[in-house]
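Okay, structure first, notes after.
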Amino acid sequence: MIAAASPIQRPREAKLLVIDAHGTLLHAPRRCLPNLLRSGDLVVANDAATLPASLAGIHVESGAPIEVRLAQRRSLASDDVSEFGAIVFGEGDYRTPTERRPLPPPLAGGDMLRLGPLRATVQRTLGHPRLVALRFEGSSLAIWRGIALHGRPIQYAYVPTPLALWDVWTRIAAVPTAFEPPSAGFVLDWHLIGELRARRIAFATLTHAAGISSTGDAALDALLPFDEPYHISRRTADAIARTRGRGGRVIAAGTTVVRALEAAAGDHGVARAGAGVARQRIDARTRLRVVDALLTGTHEPGTSHHALLGAFATGESLQSADHELEDHGYRTHEFGDSMLIERGSGTRARRTSPLTHDACTSNMRIVA
Amino acid sequence: MNASDRNDDRNLAGLRIFITGGTSGLGLALVRGWHAHGARVAFVARTPDRVAQVMRELPGVAGIVGDISRKDDVYPIALQALGALGGIDVLVNSASSLGPVPLALLGDTECEDVERALAANLLGPFRLTKALLGALSASAADGRGGVVLNVSSDAASTPYPGWGAYGASKAALAHMSAIWNLELEGEGVRILSIDPGDMDTPLHALAVPDADPSTLRQPEDAARDVTHAIVAALRRNARDRHHEREALAR
């Protein structure tokens, strides 16, 4: 697939590939998303704001330049910012693809890192030369100040211009806890949220500390996604229960929402309110209990995001979808095009028209 | 203190409020007042020494150094405010710029002075509110808050000669507030604009150096009015959410 190289969250021409519960594929303009949902459905999005989690600095013991990418936290509490799990790169920045970035100097517990105005101590390495637990000095206010003034959003070589925070905060960004943007939320703006409301499609949010998507290191990538803390409000849990009660669908905007809701799954397809940590990997073996459909970006086969799609659709459907994405010039990565995947019903019946007809449908095309 | 003030006290405890221009005039009076009422308070201002001084005076209040009129400062300010408070229920845009000092007739006003007034009085509140709208909307959805109060002026509605840059920018702010308030009805976020009256503040002293302070309001009085307006909007929000929940339960 083509990498989406401009940090534009909602390009007019963005595309949406739909895989419905029967495996039928449909191409649609992404702005027609509300037409593909039904009255009584519930869209749940991640309201995490993205931290400027890339911190350039110096490994004090060796004097070597490093880049620290904050990657993990134990809770979402805003005063719990002293300790992070982090991935450390050697010299260079995002312009060098991560797989070509040099290793940092050897890191050991007690090493000092100077990251702009921030000072941190390596507490220990976490089973990989790039992965460390670190502890910042100072009050939480001073740490927030250091991160805000010195940090840059984590980014990758396929976007050439440096990203600003406004490029990576979704419209609904509320709690600064994500290490990379919960980018399915880029689809949403206030106009679209109003349109959902007008169509009696409910909308709710949760907060999930979306983690790093890729490190360029096969051994580290195999550990992704890390454990991620989340919080589900009582209001959102109630909205899910009501949706279940009326036979609507719970539509997760983003893989992080799937992780949080499935980690919090209780009886009868509802989610428990409260704080938790999502530890499970979701893939073809996972039986989804809460989420009925997923709005997500387009993902390359072989990534943990792509593996998660296996919980929603058969390997055969996903393969057809991968071909369609390739053949129709869909763009990938966080600023790319999107997919809407309905959890498979297990039946093989093919529908000729999964949609109600309206103005938007003239631009939609079902794949034969 | 009258009965409605005491009522406000109870309503402010635990609320998360972020105030711009928090080291001077009305902004400082609001920081002190809300802190005294048990709210969780963060503020931003430009001068590091004055920010530090207010933090020393009011332990527990989070001071942020930044300039809301600078585009590149706004997101770092928003991030620090959210970090300090864990979310935001109330935003008060109080930081203001007069434009030319001393005040000048429009024909004598440098374009750069108009730009400065617009940057501080219109674009700053716009950018900051936009950056924090997700947090304010989440607060409204949770039935906690979701109120933005933009500090306006009678110069926004009455054309006083010499107040062109300031008056035009405050008129734009008041109108933007009214439009945004309508647009956000569905989200439950209220955007208010209030004229606190002529106050005995450093900004007023710059504008009218020979004013008789006894004819001016004390910022603490004005802060009480502003607080009443915010509390009234919070009550309306809470009532609306309550009705919404009841309707959903039926």
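Worth a mention:
- Residue within segment A:189-197 that is crowded, with 22+ Cβ neighbours inside 10 Å, out of contact with any Leu (no Cβ under 6 Å at 6 or more places or on another chain), in the same structural domain as A:ARG343 (by TED's automatic domain parsing) and of a type in the set (Lys, Arg) present: no
- Residue match in segment B:155-163 (condition: in a helix (DSSP H, G or I), surrounded by fewer than 24 Cβ atoms within 10 Å (Cβ to Cβ) and not hydrophobic (A, V, I, L, M, F, W, C)): no
Residues are listed down the side, and each one gets a yes or a no for (1) under 23 Å from A:LEU163 (Cβ atoms); (2) among the hydroxyl-bearing types (Ser, Thr, Tyr); (3) within 13 Å of chain B (Cβ to nearest Cβ):
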site	(1), (2), (3)
A:ARG30	yes, no, no
A:PRO34	no, no, no
A:ASP41	no, no, no
A:ALA45	yes, no, yes
A:ALA49	yes, no, yes
A:SER54	yes, yes, no
A:SER62	no, yes, no
A:ALA71	yes, no, no
A:ASP80	no, no, yes
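- Residue selected from segment A:245-272 under the condition surrounded by fewer than 23 Cβ atoms within 10 Å (Cβ to Cβ) and within 14 Å of another protein chain (Cβ to nearest Cβ), by the criterion nearest to A:ALA184 (Cα to Cα): A:GLY248
- Residues of segment A:122-151 that turn out to be among the basic types (Lys, Arg), in contact with a helix residue (DSSP H, G or I) (Cβ under 9 Å, 6 or more places away or on another chain) and away from chain B (no Cβ under 11 Å), as a count: 1
- The lone exception for A:SER214 - which of (1) at pLDDT below 95; (2) closer than 24 Å to A:VAL43 by Cα it fails: (2)
- Of all the listed residues (A:GLY266, A:GLY274, A:GLY302, A:GLY245), the sole one being free of Cβ contacts under 8 Å to residues at least 60 places away in the same chain and within 19 Å of A:ASP227 (Cα to Cα) is A:GLY274.
- Filtering segment B:210-229 to residues that are of a type in the set (Val, Ile, Thr) and in contact with a Phe, Trp or Tyr (Cβ under 9 Å, 6 or more places away or on another chain) leaves only B:THR227.
- Residue in segment A:130-145 that is free of Cβ contacts under 8 Å to residues at least 24 places away in the same chain and of a type in the set (Asp, Glu) present: yes
- Scan of segment A:215-244 for residues that are under 27 Å from A:ILE87 (Cβ atoms), crowded, with 17+ Cβ neighbours inside 10 Å and either small (Gly, Ala, Ser) or within 12 Å of chain B (Cβ to nearest Cβ) (or both), ordered by number: A:GLY216, A:HIS231
- Those residues of segment B:191-241 which are within 13 Å of the chain's Cα centre (by Cα) and either part of a loop (DSSP other than H, G, I, E, B) or more than 18 Å from B:LEU30 (Cα to Cα) (or both), in sequence order: B:ASP195, B:PRO196
- Residues in segment A:152-184 that are away from every other protein chain (no Cβ under 12 Å), in contact with a strand residue (DSSP E or B) (Cβ under 7 Å, 6 or more places away or on another chain) and either over 20 Å from A:VAL68 (Cα atoms) or of a type in the set (Val, Ile, Thr) (or both): A:ILE154, A:SER183, A:ALA184.
- Test: residue in segment A:45-55 that is more than 22 Å from the chain's Cα centre (by Cα), closer than 30 Å to A:GLY269 by Cβ and assigned by TED's automatic domain parsing to the domain that holds A:GLU13: no
- Annotation note: of A:LEU220, A:LEU261, the sole residue that is of a type in the set (A, V, I, L, M) and either in contact with a helix residue (DSSP H, G or I) (Cβ under 8 Å, 6 or more places away or on another chain) or in a loop (DSSP other than H, G, I, E, B) (or both) is A:LEU261.
- With respect to the stated conditions, B:LEU149 is assigned to a strand (DSSP E or B), surrounded by 14 or more Cβ atoms within 10 Å (Cβ to Cβ) and not aromatic (Phe, Trp, Tyr).
- Residues that are aliphatic (A, V, I, L, M) and within 14 Å of another protein chain (Cβ to nearest Cβ), drawn from segment A:185-214: A:LEU188, A:LEU192, A:ILE193, A:LEU196, A:ALA198, A:ILE201, A:ALA202, A:ALA204, A:LEU206, A:ALA209
- Segment A:39-64, residues that are over 25 Å from A:LEU224 (Cβ atoms) and not aliphatic (A, V, I, L, M): A:SER39, A:GLY40, A:ASP41, A:GLU61, A:SER62, A:GLY63
- B:VAL65 being surrounded by fewer than 21 Cβ atoms within 10 Å (Cβ to Cβ) and within 18 Å of the chain's Cα centre (by Cα): yes
- Candidates B:ARG56, B:ARG50, B:ARG116 - the one that is at negative phi, without any contact (Cβ under 8 Å) to a residue 24 or more places away in the chain and away from every other protein chain (no Cβ under 11 Å): B:ARG56
- Among the residues making up segment B:71-95, those that are assigned to a loop (DSSP other than H, G, I, E, B) and away from chain A (no Cβ under 13 Å) are B:SER94, B:ALA95.
- Among the residues of segment B:164-199, the ones that are among the acidic types (Asp, Glu) and crowded, with 19+ Cβ neighbours inside 10 Å come to 1 in all.
- Residue pairs whose Cβ atoms lie under 6 Å apart, sitting 6 or more positions apart in sequence or on different chains, and linking a residue in segment B:121-135 that is within 9 Å of chain A (Cβ to nearest Cβ) to a partner that is in a helix (DSSP H, G or I) and aromatic (Phe, Trp, Tyr), are B:ALA131/B:TYR75.
- Unique match (being in contact with a Phe, Trp or Tyr (Cβ under 6 Å, 6 or more places away or on another chain) and either more than 25 Å from B:GLY188 (Cα to Cα) or in contact (Cβ under 8 Å) with a residue 24 or more places away in the chain (or both)) among A:ILE201, A:ILE172, A:ILE193, A:ILE212: A:ILE212
- Positions within segment A:91-125 being among the small types (Gly, Ala, Ser), over 19 Å from A:ALA142 (Cα atoms) and touching an Asp or Glu at 6+ places or on another chain (Cβ under 8 Å), in sequence order: A:GLY92
- Count of residues meeting criterion [closer than 29 Å to A:ALA204 by Cβ and in contact (Cβ under 8 Å) with a residue 24 or more places away in the chain] in segment B:185-239: 14
- Subset of segment A:319-344 [of a type in the set (D, E, K, R) and under 19 Å from the mean Cα position of the chain (by Cα)]: A:ARG331, A:GLU334, A:ASP337, A:GLU342, A:ARG343
- Residues that are at pLDDT 95 or above and in a strand (DSSP E or B) do occur in segment B:177-190, at least one of them.
The values are calculated or read from the model by the stated rules, or taken from the named source; none is laboratory data. Keep in mind that what you see is a predicted model, and the values were worked out from it rather than measured. Glycine gets a Cβ as well: all are built from the backbone with ideal geometry, and neighbour counts include every protein chain shown.
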